[in-house]
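Undergrad: Supplied in structure tokens, the structure appears directly below.
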Amino acid sequence: MFEATNWLSGSMEVGIVRELPFSSGLQRMSVVTRMLGSTHFDVFCKGAPETIASLSKADTVPPDFVDTLTSYTQRGHRVLALAYRPLTDSFTKVQPTAPRRAGARPHLLGLLVMENRLKP
């Protein structure tokens, strides 16, 4: 199923080192993670699609991003954007990571589209 990504199936343990809670001012939340046995950290963000896209590296945002987002929202779907970036900081520098710095220039991973149908 994931052949195009060159992802090798297998278990991996990932721990959350720091959680940066949702901020309505920043319109996102982030977690700093570390894979068991790894020496580096990663930041994963989720939040308002327009905000995450504006923070993301331009070459990771598809040209039809706004049209795709509009298509989903006009149909009543709830949409979140997901992004990631590696951190090269040491553990002691990761602990005081500021929320603004954590979300700086991530790679846009995609959109999470949710539908909440009303029950008859």
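Undergrad: Between Met12 and His40, how high is the FRET efficiency from 1/(1 + (r/R0)^6) when r is the Cβ-Cβ distance and R₀ = 22 Å? Nearest 0.05.
TA: Calculated value: 0.95.
Undergrad: In addition: Between Asp67 and Ala104, what length in nm is gained on full extension when 0.36 nm per residue of separation is reduced by their alpha carbon distance?
TA: 10.9 nm
Where a number appears in this text, it was derived from the coordinates with a stated rule and is not lab data. As the structure is a computational prediction, the values presented were derived from the model and not from experiment. All Cβ positions, glycine included, derive from the backbone under ideal geometry; neighbour counts span all protein chains shown.
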